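To start, the structure under review is shown below, and the notes come after it.
The values are calculated or read from the model by the stated rules, or taken from the named source; none is laboratory data. Keep in mind that this is a model prediction, so the values were computed, not measured. As a convention, Cβ positions derive from the backbone with ideal geometry for all residues, glycine included, and neighbour counts pool all protein chains shown.
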Amino acid sequence: MHSNPILPGFNPDPTIVSTPDGYYVVTSSFEYLPGLPVYHSQDLQSWELIGHVATREEQVHVANVPTPGGVWAPTLRYRDGVFYLIVSVFLGGRGCVVFTATDPAGPWSDGTVIDAVDGIDPDLAWDDDGTAYVTFARHPEAIQQVRVELGTGTALEKPRPLWSGSGLYAPEGPHLYRRGDWWYLLVAEGGTDRGHAVTVTRSRRPDGPFEPAPHNPILTAAGTGSPIQNTGHADLVELPDGGTAMVLLGVRPVGLTQAFSPLGRETFLTPVDWVDGWPHPSMPVLGGVPPEQAQYDFTGGAGLDGAAWIGVRRTPADFTTPTARGLVISGDGSALDAPRPAFLGQRQRHLGIQFRAVLDVSSGTGGIAVRNAEDNWFGIEATRNGGGGVTITARAVVAGFDRTWEATLPHGDVELAILTEPPSRDFRAGAVGGDRLRLVARAAAPDALSEGHTDEVRLTELDGRHWAFETAKAFTGRVFGAFAVEGEIVLRRLEYCGKD
């Protein structure tokens, strides 16, 4: 397990299946569309984003869900050549929905709603005669279970309590498995912060009664100095060699105090041993994320190739248009504090990044930003002013506090950049805070991202603790991208360089 996290950046609540074609993982997406990203691997180490389950807003109904609502905690399963994805779309979304596909890259079905599942984190399992069991969380009650006819979404009984957990806070994220003569119920407890933990119980029947493992919690980072914290919300997968692996979420806090996690909850992988009929997972080992340099040239009519682009409560196709000049992002007056901004984003995947974009703002107002939520983001906005130049405004927004810094550049294309780096490990140099964020701007070179940085205007430098998982409380993580507020801006080029 030489690379951990296996899915860096905002990828919480992982669920995994093994198939003849390799392994597939899906993670939570909350208010972003397309939603429910699908990743594929042949070896559990090299992962490729191949598509999304929810490619249309109608599949999930997240247009009006508040933060942190939306698409929570899926379960992916594979049975008789069909992929099943069950998920709850919470706080005003579509509720519990089951999607199916024969190709996990899509297209997926429109989805069938299961009205009887009135909680979160649904799981799907079948007994020997093909009866489908949906197991789910319903705070503050015990884990619940109901038998369902999947084709229609009809419940075959009333939901019943299954297990109240090991005694930790908030039992949730259940997954039910058949292994030999036992049914194992894996559960997340302790909340999704530093107390997060994995617990397990087992029964001879899928509907109980259940007996808890004597070594619960079977995995937690609580009270440790592990570089991976908040470990929990796990799913198990059997390996071809007879072994077992676990995917789970965790965060990578920075600094000596381990207080702030810039990227939010990521997906990790760890081996599992079986002793006396009980799973014993190892704590995941931090393996580092390979450096990455991605460049996108949108001139010449290039569109949004690849699956990584996402929007807030609407798909990028709703507000972007490929043209010979570059990718046009059309604003409708909605700024980044609005529920549905014209924001074209990707997950931030590294602790240290250089994110640069060249923009034409002659016909509109827009820029670049890193977003956690409507009330938690920072970025740079550009607009043509009446004096023939371009006004550049850096903005930092935290829970209603909004601070700005301004500069003026000559008329023409602008190059805006956000640079982040982990904090020093020296207390005297700010190790008690978060990562360091620099917002800079300059006039753009005619044909490419500029070489050298001597002409940059540094707009501000920020302490990243204010834009971390622990402070934003959005359940997601940092998403970087370009946006338009008014009129049309043209995104000519974008570059992402990341390293840990």
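Return yes or no: is Val53 aliphatic (A, V, I, L, M) and free of Cβ contacts under 8 Å to residues at least 24 places away in the same chain? The answer is no for Val53.
Any residue at all in the stretch 339-351 that's of a type in the set (Lys, Arg), buried (at least 16 other Cβ atoms within 10 Å of the Cβ) and assigned to a loop (DSSP other than H, G, I, E, B)?
Taking every residue of the stretch 339-351 in turn, at least one turns out to be of a type in the set (Lys, Arg), buried (at least 16 other Cβ atoms within 10 Å of the Cβ) and assigned to a loop (DSSP other than H, G, I, E, B).
Pull up the stretch 300-324, narrow it to residues that are at pLDDT below 95 and farther than 27 Å from Thr67 by Cβ, then point me to the one that is surrounded by the fewest Cβ atoms within 10 Å (Cβ to Cβ). Looking at the filtered set, the residue picked out is Asp305.
Entry remark, the stretch 96-149: residues being assigned to a loop (DSSP other than H, G, I, E, B) and not β-branched (Val, Ile, Thr) number 22 in total. On inspection, Arg94 qualifies as assigned by TED's automatic domain parsing to the domain that holds His61, under 20 Å from Pro34 (Cα atoms) and not hydrophobic (A, V, I, L, M, F, W, C).
Taken together, the residues in the stretch 196-229 that are in contact (Cβ under 8 Å) with a residue 60 or more places away in the chain, part of a strand (DSSP E or B) and among the hydrophobic types (A, V, I, L, M, F, W, C) amount to 3. Might you let me know whether the stretch 273-293 holds any residue that is assigned to a strand (DSSP E or B) and closer than 29 Å to Trp467 by Cβ? Yes; the residues of the stretch 273-293 include at least one that is assigned to a strand (DSSP E or B) and closer than 29 Å to Trp467 by Cβ. For Asp128, are the conditions met, namely being modelled with pLDDT under 95 and out of contact with any strand residue (DSSP E or B) (no Cβ under 7 Å at 6 or more places or on another chain)? In short, yes.
Of all residues in the stretch 150-190, those being within 26 Å of Val247 (Cα to Cα), aliphatic (A, V, I, L, M) and in a strand (DSSP E or B) number 6. Within the stretch 47-60, which residues are surrounded by fewer than 17 Cβ atoms within 10 Å (Cβ to Cβ) and in a loop (DSSP other than H, G, I, E, B)? Scanning the stretch 47-60 gives a single hit, Arg56. Looking across the stretch 211-225 at every residue that is in contact with a strand residue (DSSP E or B) (Cβ under 8 Å, 6 or more places away or on another chain) and farther than 13 Å from Trp278 by Cα, the one that is surrounded by the most Cβ atoms within 10 Å (Cβ to Cβ) is identified as Thr220. Go through the residues of the stretch 418-439 one by one and say whether even a single one is closer than 24 Å to Ser334 by Cβ and out of contact with any Ser or Thr (no Cβ under 7 Å at 6 or more places or on another chain). The answer is yes; a qualifying residue exists. Provide a single number: the residues in the stretch 19-29 that are under 22 Å from the mean Cα position of the chain (by Cα) and over 15 Å from Glu48 (Cα atoms). Residues that pass the stated criteria total 2. Assessment of the stretch 383-396 against the conditions (closer than 22 Å to Gly9 by Cβ and either part of a strand (DSSP E or B) or of a type in the set (Asp, Glu) (or both)) yields at least one matching residue.
Can you find even one residue in the stretch 381-389 that is aliphatic (A, V, I, L, M) and closer than 26 Å to Pro34 by Cα? Within the stretch 381-389, none of the residues are aliphatic (A, V, I, L, M) and closer than 26 Å to Pro34 by Cα. Restricting attention to the stretch 178-194, the residues that are over 20 Å from the mean Cα position of the chain (by Cα) and surrounded by fewer than 20 Cβ atoms within 10 Å (Cβ to Cβ) total 5.
The residue pairs whose first member lies in the stretch 307-327 and is on the phi > 0 side of the Ramachandran plot, whose second member is among the aliphatic types (A, V, I, L, M) and modelled with pLDDT under 95, and whose beta carbons are closer than 9 Å, counting only pairs six or more residues apart or on different chains, are Gly326/Ala302. Within the stretch 482-495, is even one residue in the same structural domain as Ala394 (by TED's automatic domain parsing) and in a helix (DSSP H, G or I)? Within the stretch 482-495, none of the residues are in the same structural domain as Ala394 (by TED's automatic domain parsing) and in a helix (DSSP H, G or I).
State yes or no: is Pro34 out of contact with any helix residue (DSSP H, G or I) (no Cβ under 9 Å at 6 or more places or on another chain) and of a type outside the set (D, E, K, R)?
no
In the set (1) touching a Pro at 6+ places or on another chain (Cβ under 7 Å); (2) loosely packed, with under 14 Cβ neighbours inside 10 Å, Asp123 fails one condition alone, (2). Taking the criterion of being modelled with pLDDT of 95 or more, outside any strand (DSSP E or B), within 18 Å of the chain's Cα centre (by Cα) and closer than 22 Å to Ala170 by Cα, would at least one residue in the stretch 230-253 satisfy it? Taking every residue of the stretch 230-253 in turn, none turns out to be modelled with pLDDT of 95 or more, outside any strand (DSSP E or B), within 18 Å of the chain's Cα centre (by Cα) and closer than 22 Å to Ala170 by Cα.
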